[in-house]
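Q: Pasting a structure here, questions to come.
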Amino acid sequence: MKEVKAYAASANDAPLKEVNIKRRDLLDNDVSIDIVYCGVCHSDIHAKLNDWGNAKYPIVPGHEIIGKVTAVGSNVSNHKVGDLVGVGCMVDSCQECSACKEDQEMWCENGSTSTYNSKDPHLGGHTLGGYSKVIVVRDEFVLKVPTNLDTKAVAPLLCAGITTYSPLKHWNVKKGDKVGIIGLGGLGHMGIKFAPIAAANLI
């Protein structure tokens, strides 16, 4: 294990403060990432404030992570040192149940592992998120990021982006369809950008 800097809250009414947290040693299927940017999703705020009643403290939020690969496990072939990558709201699952085999890891029959505030199957305790310098993630949950994109603007695509893209794709939105977007916050403005692109069959 190694210690890295992070920002954590010790209680729902406590501010985020710089702390040292532990990250696990690299396992065979792991990718170690130096975090460059991490978005601030409103879910992070809800979680920190314990608005949903399930916060585990100290809590290190952050699930819109962009960073550079610094090391990979012996079984990893999809990523290499130096790659620009992203990590969203999940970091692990069993990869063996029927849900995982159908790319539905969020419904993992053995329990998926969220980026933070989830049971940590490796270190015990709970997972700690992207408001930190480093994160170690199972390689199936690491995404390649094109280097021609504005790196700091990519992070929200890992939450607000996929949340609005997914229904457009699921419902096969096409030219002539009407799309309703309620609110112009983090998700709403993504929906406005994505809908015409989806209608033009470009995504």
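Q: Which one is most open to solvent (accessible area, probe 1.4 Å), of the residues in segment 138-150 that are more than 12 Å from the chain's Cα centre (by Cα) and among the hydrophobic types (A, V, I, L, M, F, W, C)?
A: Checked segment 138-150; the qualifying residue most open to solvent (accessible area, probe 1.4 Å) is 149.
Q: Next question. If we scan segment 163-179, do we find a residue that is modelled with pLDDT of 95 or more and surrounded by 12 or more Cβ atoms within 10 Å (Cβ to Cβ)?
A: Initially, segment 163-179 is screened for residues modelled with pLDDT of 95 or more, giving none.
Checked against the condition, which is being modelled with pLDDT of 95 or more and surrounded by 12 or more Cβ atoms within 10 Å (Cβ to Cβ), segment 163-179 yields no hits at all.
Q: Another question, if that's okay. Tell me whether segment 114-137 contains one or more residues that are open to solvent by less than 70 Å² (accessible area, probe 1.4 Å), outside any loop (DSSP other than H, G, I, E, B) and acidic (Asp, Glu). Show your work before the answer.
A: We begin by selecting, within segment 114-137, every residue open to solvent by less than 70 Å² (accessible area, probe 1.4 Å); these are 114-118, 120, 124-132, 134-137.
Applying the additional criterion that residues be outside any loop (DSSP other than H, G, I, E, B) yields 114, 126, 132, 134-137.
Those left that are additionally acidic (Asp, Glu): none.
No, that holds for no residue.
Listed here are the residues, each with its yes/no results for (1) closer than 21 Å to residue 65 by Cα; (2) β-branched (Val, Ile, Thr).
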site: 110; (1), (2): no, no
site: 137; (1), (2): yes, yes
site: 141; (1), (2): yes, no
site: 155; (1), (2): yes, no
site: 165; (1), (2): yes, no
site: 195; (1), (2): no, no
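Q: Right, another one. Could you tell me which of the residues 76, 85 is over 20 Å from residue 20 (Cα atoms), in contact (Cβ under 8 Å) with a residue 12 or more places away in the chain, among the β-branched types (Val, Ile, Thr) and in a loop (DSSP other than H, G, I, E, B)?
A: Working: 85 fails: in a loop (DSSP other than H, G, I, E, B).
Among 76, 85, only 76 is over 20 Å from residue 20 (Cα atoms), in contact (Cβ under 8 Å) with a residue 12 or more places away in the chain, among the β-branched types (Val, Ile, Thr) and in a loop (DSSP other than H, G, I, E, B).
Q: Looking only at residues in segment 88-106 that are assigned to a helix (DSSP H, G or I) and over 16 Å from the mean Cα position of the chain (by Cα), which one is farthest from residue 155 (Cα to Cα)? Working first, answer last.
A: So the first thing to find is which residues in segment 88-106 are assigned to a helix (DSSP H, G or I), and the list is 98-101, 105-106.
Restricting the remaining residues to those that are over 16 Å from the mean Cα position of the chain (by Cα) gives 98-101.
Details: 98: 30, 99: 26, 100: 24, 101: 27 Å.
Checked segment 88-106; the qualifying residue farthest from residue 155 (Cα to Cα) is 98.
Q: In addition: Within segment 27-56, track down each residue that is open to solvent by less than 70 Å² (accessible area, probe 1.4 Å) and either in a loop (DSSP other than H, G, I, E, B) or in contact with a helix residue (DSSP H, G or I) (Cβ under 9 Å, 6 or more places away or on another chain) (or both).
A: Passing the criteria: 29, 30, 31, 38, 39, 41, 50, 53, 55.
Q: Something else now. Do we find a residue being within 18 Å of residue 117 (Cα to Cα) and among the polar types (S, T, N, Q) anywhere in segment 27-34? Break it down stepwise before answering.
A: Pass one, segment 27-34, residues within 18 Å of residue 117 (Cα to Cα): none.
The answer is no; no qualifying residue exists.
Q: Let me ask something else. For residue 20, all conditions in the list (1) of a type outside the set (Asp, Glu); (2) open to solvent by 20 Å² or more (accessible area, probe 1.4 Å); (3) within 18 Å of residue 159 (Cβ to Cβ); (4) in a strand (DSSP E or B) hold save one; what is the number of the exception?
A: (3)
Q: Of all residues in segment 88-111, which are under 20 Å from residue 143 (Cβ atoms) and without any contact (Cβ under 8 Å) to a residue 12 or more places away in the chain?
A: 99, 100, 101, 102, 103, 104, 107
Q: Sort through 160, 200, 153 and tell me the only one that's within 19 Å of the chain's Cα centre (by Cα), surrounded by fewer than 15 Cβ atoms within 10 Å (Cβ to Cβ) and among the aliphatic types (A, V, I, L, M). Even if it seems obvious, please write down each step before you answer.
A: Numbers: 160 fails: surrounded by fewer than 15 Cβ atoms within 10 Å (Cβ to Cβ); 200 fails: within 19 Å of the chain's Cα centre (by Cα).
Only one candidate passes the filter, namely 153.
The values are calculated or read from the model by the stated rules, or taken from the named source; none is laboratory data. What you are looking at is a predicted structure, and each value in this text was computed from that prediction instead of being measured. No Cβ is skipped: glycine too gets one built from the backbone with ideal geometry, and neighbour counts run over all protein chains shown. The protein model used for the area step is the full one, side chains on, heavy atoms only, and it has no ligands, DNA or RNA in it. Shrake-Rupley method; radii C 1.70, N 1.55, O 1.52, S 1.80 Å.
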